[in-house]
Amino acid sequence: MKTKDRIILASLDLFNEKGERNISTNHIAAHLNMSPGNLYYHFRNKSDIIYEIFKNYRLLVETYLKVPDNRVIQVHDLIAYLDSVFNGLWAYRFLHRDLEHLLANDERLRAEYRLFTLYCLSSIKQISKAMEDSEIYVPLREDQRDSTALNTWLIVTNWMTFLKSVHEEGDERIVNREAIKHGVFLVLDYFTPYIREDKRETILALQDEYRFGNIIPLA
């Protein structure tokens, strides 16, 4: 593996585990048993590393948010989309955990993230239209496609923030991979009114596999 790729992967692991604000380039270099000078040969600063990590994340998302071009879209495709989205959310969780801070500190990242958001909203709309065409969703108006795409995006990108805000600091029991994937349950719950009656039972059965305990604390 190239040194640059090792730095990116190690940084992602450290940012996810410790939080981006708690990790410096010196921490990354020490973790890789390399000199800071060697790291700076590949990246000028931490912002450059974060930007490269984001580019990898964007490529991952853009790879799977596509409508099949050789077959009709199916119910299980909806699950696959959401599963991939929330797996990606977990794999790159530091980006979503402190997004406002990251965007405020890098104009380049902020501009790219805006384009990424617009791409994702457009892709979600295309998937929704394909679901209508294959008679999984009821027919939607254009404004409904816009709102469902936006609300889906908001659930996905804010789910981790919600979990962290309503549970005590360090509660790994709830802020973990399975809790993150409960977001699939929520998105499907949101889409239930738009699913045709003859497909609803299948969706509900698949949805239940993503239910995760008492997400909202009772006390």
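Can you tell me the FRET efficiency between Ser47 and Arg6 if r is taken as the Cβ-Cβ distance and R0 is 22 Å, rounded to the nearest 0.05? Efficiency for this residue pair is about 0.70. Across the chain, Cα-Cα pairs more than 33 Å apart make up 24 percent of the total. In terms of overall dimensions, the C-alpha atoms belonging to the range 115-206 reach 45, 35, 16 Å along their principal axes, ordered largest to smallest.
Just from its helices, what would the mean residue ellipticity at 222 nm be for the chain, if runs of 4 or more DSSP H residues each count -39500 (n - 2.57) and the sum is divided by every residue, rounded to the nearest 500 deg cm²/dmol?
-23000 deg cm²/dmol
Put simply, the amide H of Tyr137, placed in the peptide plane, has neighbours under 5 Å in Glu132, Arg196, leaving out anything fewer than 5 places away on its chain. In angstrom, the C-alpha Rg and Dmax of the range 1-44 are 9.6, 27.
Throughout, read-outs are computed from the coordinates displayed, never taken from laboratory work. Just so you know, these numbers come straight off a predicted model, no measurement behind them. When we count neighbours, we look across all protein chains shown, and the Cβ atoms used for this are built from the backbone with ideal geometry, even at glycine.
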